[in-house]
Amino acid sequence: MSEINVPRNGLVVLVGVSGSGKSTFAARHFLPTEVVSSDFCRGLVADDENEQSATGDAFDVLHYIVGTRLRRGLLTVVDATSVQPKDRAQLVRLAKDHDVLVDAIVLDVPEPVAHERNATRPDRDFGPHVVRRQRRELRRGLGGLRREGFRRVHVLHGVDEIDAVSIRREAPWNDRSDLRGPFDIVGDVHGCASELRSLLTELGYEISYADGAAVSAAHPEGRTAVFVGDLVDRGPDTPGVLRLVMGMVADGTALCVSGNHEAKLVRALRGAKVKVAHGLAESLDQLAATEEGFRKSALDFMDSLIAHYVLDEGRLVVAHAGLKEAYHGRTSGRVRSFALYGDTTGETDAYGLPVRYPWAEDYRGKAMVVYGHTPVPTAEWVNNTICLDTGVVFGGSLTALRYPERELVSVPAEQQWYEPVRPLLPEETRDGFALRITDVMPPEGGAMWLATEHAGKVKIPEENAAAALEVMSRFAVDPRWLIYLPPTMSPAKTSSVDGFLEHPEKAFEEYAEWGVTRVVCEEKHMGSRAIAVLARSAEVAARRFGVTDGSTGAIYTRTGRSFFDDTDNLVAGLREAAEPLFDSLATDWVALDCELLPWSAKAGGLIRDQYASAAAAGLSSLPAASALLEQAAARGQEVGDLLTRIQDREADLRRYRAAYGSYVRPADAPVTVAPFQILAAEGRALALTESHEWHLAELAKLEGDLITPTRHRFVDLASADQRAEAVRWWLDLTAEGGEGMVVKPAHLPERAMQPGLKVRGREYLRIIYGPDYTGSLDLFRNRPLGRKRHLAEREHGLGLEALTTFVDNGPLWKVHQSVFALLALESEPVDPRL
């Protein structure tokens, strides 16, 4: 059995006459969704797969589908005769437009076989002359197929050879996403062999020598070096650099991409006419002094280098001059050109050097892109990209990036080896604090898709984004403190326990079904959700948050608004209370998820205008109505049922007033804060990495009048006694006027699930569903939770995305993409009572 390799993310064109078995071949070797058939497209546009007059429209549809799939990086197989060069040319052009490889598989069957097969199909009523013509056209173009732009042309002769073949999907050479690292990515070396050895030593590599020359290096912890290209030219020892890097690559301890200087040196060594400038003469002279065998090995090595690598499951891309997201993992001449030379305008600057578009300023990709090519004084992050060419050959330094640690390591140049044409100046880059309207607003009439690690792809409709933008621009606190917004939370499934809409047992049952063995039940404070971001000093606020007005933090609502006109004293008190966290976490800033108490401190207007007014109106009218009905009953009128309903409504209304009244405090009552989770600290997204048990233990260190502890208890879900005790605790909490509790996994979950389930008390729910809701429990038990839960999961993921982006020193605009998206989702049509 022979094997055919096809591009895993590219285009495969099946070529053969009618009756050659293309559809059967496609069905045998590819998924139905991967195959785009001209017959199927003809049926789409004409309701008849054999309607030849619809062929033009059918191929318009086919080309659209093929182009869309290739844009999305999906293997696509075209099932059409494709015997004419003009038909194949359009498909080859589609592949090139989307920077993917294209292969042709030719099914060459004898003409009688095709006739026999067509005769068995009533829809193939054309005469044998059609097949004869198609076969003639195929034969005429067979020899020139490769010149048409196909990477490979696989010709299968006869039925037996077609039936015996197998298909293997081949990853592009640049796809090494299976390599997870850790990596040490090294910037442009430019012949500075001594500095390279120093840097590798600083990184912890052990260098191997032969006859006094460095020939390889390996890291004792198995780290892999990745070179961004431009190993050669300008410096004092290009052969020494090549010998060391070639040995590391051969030994599997390094990867290397091509730089533009390697590409030019290869052309020069092969005898091409090139301009000897920019340090090429030094390389040619140094290599001429080496043995011929080494020169040949060096030439073969440089010629074999590819333009970019995709590593760590797509999280990391290394290319000499950088690479925009649309080109990641793609294969074409323009992708290679971008990776080697950058995105040039065709113009030159005052120094005669190419003017390049600042692609990194507009980069929005998920993958980190590490590159070199354009020397800069220091390596700095621009969005999620970084340039490591710090001009060692010009007297600067040689820099490496430790990945995934994001740690920079540099060694200084031993001297200036080459005079730069242009002085080393920092590239003009976008201010990471500057948010552009296009970062958070989709085009008019459309939607924005935000690709995230923790929430997947999130769709933000235009109207939702507009609402979020208005809130943020008009009402939010200083946006530099807005590194997180909290998600909504779903209640547990509706309870069937008599008299209760929500009950802890339902939360326990759900988490047990999701594989959780132990949960924590946290007191649900009846306050206002608050996020506190605290810097230990004004200097820390300026350095880490860019806030230079002397403030040291902010405490804001779940929509990013300030709680009060002046929160300086509150922030100062909370910062003082958080001192134990600064010490135990070895951090100079911290973000906390809290409740601000009492509820009436923030919700006084809501209580007065909505809840109290309803209670006052009812309790001023219902007693009078009861009195009149009692008088009527005394006169013998049949009003007993109505009187009972009125009296029941009055009793429910009094319970309703007592429910919200238990959360009302005097206007001068002190404000307190109840923290229940440490969201993040320097270098750590603790909401993602630590269990709730850890969070509560750390927060127990906080003391003072400003802090209200979050009472809690842990429950082994396999223990009926512990579950029953937790239910009793919940009943006691709610009987005392508490809102209820939140049930969360005590350990870090191993699969996606609701991050928490709220279980609210019977009396508290009167505030939510109305004073007399207990009389309609059967109706409320049918409440749908699906949309609420989907929203809670997405918002939770977006919150984590914002935190991790900030912790990883991502630009503030990228943090705000997730923050804005979360706020935009709050406009989703979900029952607010949930």
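If you take every residue apart from ASP47 with its C-beta less than 13 Å away from the C-beta of ASP47, what net charge results, scoring Lys and Arg +1 and Asp and Glu -1?
Neighbourhood net charge equals -4.
Read phi for every residue in region 564-581 and hand back ³J(HN,Hα) as whole Hz from Karplus 6.51 cos²θ - 1.76 cosθ + 1.60, θ = phi - 60°, with x for Gly and Pro.
Result, ordered by residue: 9, 4, 10, 10, 4, 5, 5, 5, 4, x, 5, 5, 5, 5, 8, 3, x, 6 Hz.
Considering only the other residues whose Cβ falls under 15 Å of the Cβ of GLU462, what net charge follows from Lys and Arg at +1 and Asp and Glu at -1?
Local net charge: -4.
For LYS96, give me every one of the aspartates and glutamates with a C-alpha distance below 16 angstrom, ignoring sequence neighbours fewer than eight places off in its own chain.
Once the sequence-local aspartates and glutamates are set aside, what remains near LYS96 is ASP87, GLU148.
Keeping every protein chain in place, order ASP565, ASP705 by accessible area at 1.4 Å, biggest value first, i.e. largest first. Before the final figure, lay out the partial values.
On the way: ASP565 170, ASP705 150 Å².
Sorted descending by solvent-accessible area, the residues read ASP565, ASP705.
In nm, to one decimal, how far is the ARG132 label point from the ASP641 one, both placed 7 Å along Cα→Cβ?
Here the modelled spin labels are 9.3 nm apart.
Taking the Cα centre as origin and putting +1 on Lys and Arg beta-carbons and -1 on Asp and Glu beta-carbons, what dipole magnitude results for the chain, to the nearest 20 debye?
On the way: 96 positive and 119 negative charges, 429 e Å.
Using only the charged Cβ atoms, the result is roughly 2060 debye.
Have a look at ALA193, LEU408, TRP359 and report the one farthest towards the positive end of the charge dipole of the chain, computed about the Cα centre with Cβ charges (Lys/Arg +1, Asp/Glu -1).
The one lying farthest along the dipole's positive direction is TRP359.
Listed here are the pairs LYS744/LYS788; LYS459/LYS758; LYS366/LYS459; LYS493/LYS524; LYS701/LYS758; LYS275/LYS296; which of them are more than 19 Å apart at the Cα? List each step's numbers first, then the result.
Numbers: LYS744/LYS788 17 Å; LYS459/LYS758 26 Å; LYS366/LYS459 16 Å; LYS493/LYS524 17 Å; LYS701/LYS758 25 Å; LYS275/LYS296 22 Å.
Table pairs above 19 Å Cα-Cα are LYS459/LYS758; LYS701/LYS758; LYS275/LYS296.
Grab the other residues whose beta carbon is less than 10 angstrom from that of GLN722, score K and R as +1, D and E as -1, and report the net.
Numbers: positive: ARG518, ARG713, ARG723; negative: ASP716, ASP721, GLU725.
Surrounding charge for GLN722 is 0.
Put +1 on the Cβ of each Lys and Arg and -1 on the Cβ of each Asp and Glu in region 702-834; which of PRO771, GLN817, HIS747 then has its Cα farthest toward the positive end of the dipole?
PRO771
Amide H neighbours of GLU170 under 5 Å, at least 5 residues apart or on other chains, H built in the peptide plane: list them.
Under 5 Å from the amide H of GLU170 lie the amide H atoms of VAL6, ARG8, each far enough along the sequence or on another chain.
Label points 7 Å out from Cα along the Cβ direction at VAL113 and ASP439: separation in nm?
Taking the simple label geometry, VAL113 and ASP439 are separated by 6.1 nm.
With axes computed from alpha carbons, what is the tilt in degrees of helix 640-661 against the longest principal axis of the chain, rounded to the nearest 10 within 0 to 90?
60
Scan (i) 61, 41, 22; (ii) 44, 33, 23; (iii) 44, 35, 28 for the value of semi-axes √(5λ) of the Cα gyration tensor in Å calculated from this model and give just the label.
Recomputing semi-axes √(5λ) of the Cα gyration tensor in Å here picks out (i).
If you count only protein heavy atoms and use a 1.4 Å probe, how large is the accessible surface of LYS524, to the nearest 10 Å²?
40
Size of the dipole of region 1-84 about the Cα centre, Lys and Arg at +1 and Asp and Glu at -1 on the beta carbon, nothing else charged, in debye to 20? Working shown, then result.
Values: 7 positive and 10 negative charges, 103 e Å.
Charge dipole of region 1-84: 500 debye, to the nearest 20.
Any idea what the dipole of region 449-541 comes to, in debye rounded to 20, about its Cα centre with Lys/Arg Cβ at +1 and Asp/Glu Cβ at -1?
Charge dipole, region 449-541, about its Cα centre: 300 debye, nearest 20.
Please enumerate, by chain and number, the aspartates and glutamates with C-alpha under 19 Å from the C-alpha of LYS457, excluding those fewer than 8 residues away in the same chain.
The reachable aspartates and glutamates, counting only those whose Cα sits under 19 Å from LYS457, are GLU313, GLU325, ASP439, GLU793, GLU795, GLU801, GLU826, GLU828.
Once the dipole of region 23-111 is set up with Lys and Arg at +1 and Asp and Glu at -1 on Cβ about the Cα centre, which of GLN84, PHE25, ILE65 lies farthest towards its positive end?
The residue sitting most towards the positive pole is ILE65.
Which longest run of the chain has no exposed loop site in it, a site being GluC sites (Glu not before Pro) in a DSSP loop with at most 11 other beta carbons within 10 Å, and the site itself not part of the run? Intermediate results must be reported in sequence, preceding the final value.
On the way: sites that count: GLU221, GLU291, GLU428, GLU444, GLU638, GLU703, GLU736, GLU750.
Answer from the scan: 1-220.
Under 5 Å between amide hydrogens, which residues at least 5 positions from CYS256 or on another chain qualify, with H placed 1.01 Å from N in the peptide plane?
PHE227
What do you get for the angle between helix 720-735 and the principal long axis of the chain? Use alpha-carbon atoms, 0 to 90 degrees, nearest ten.
60
The values are calculated or read from the model by the stated rules, or taken from the named source; none is laboratory data. A quick note: this is a predicted structure, and the numbers were derived from the prediction, not measured. Reconstructed Cβ throughout: ideal geometry from the backbone, glycine too, with neighbour counts over all protein chains shown. Ligands, DNA and RNA are excluded from the accessible area calculation, which covers all protein heavy atoms including side chains. Shrake-Rupley method; radii C 1.70, N 1.55, O 1.52, S 1.80 Å.
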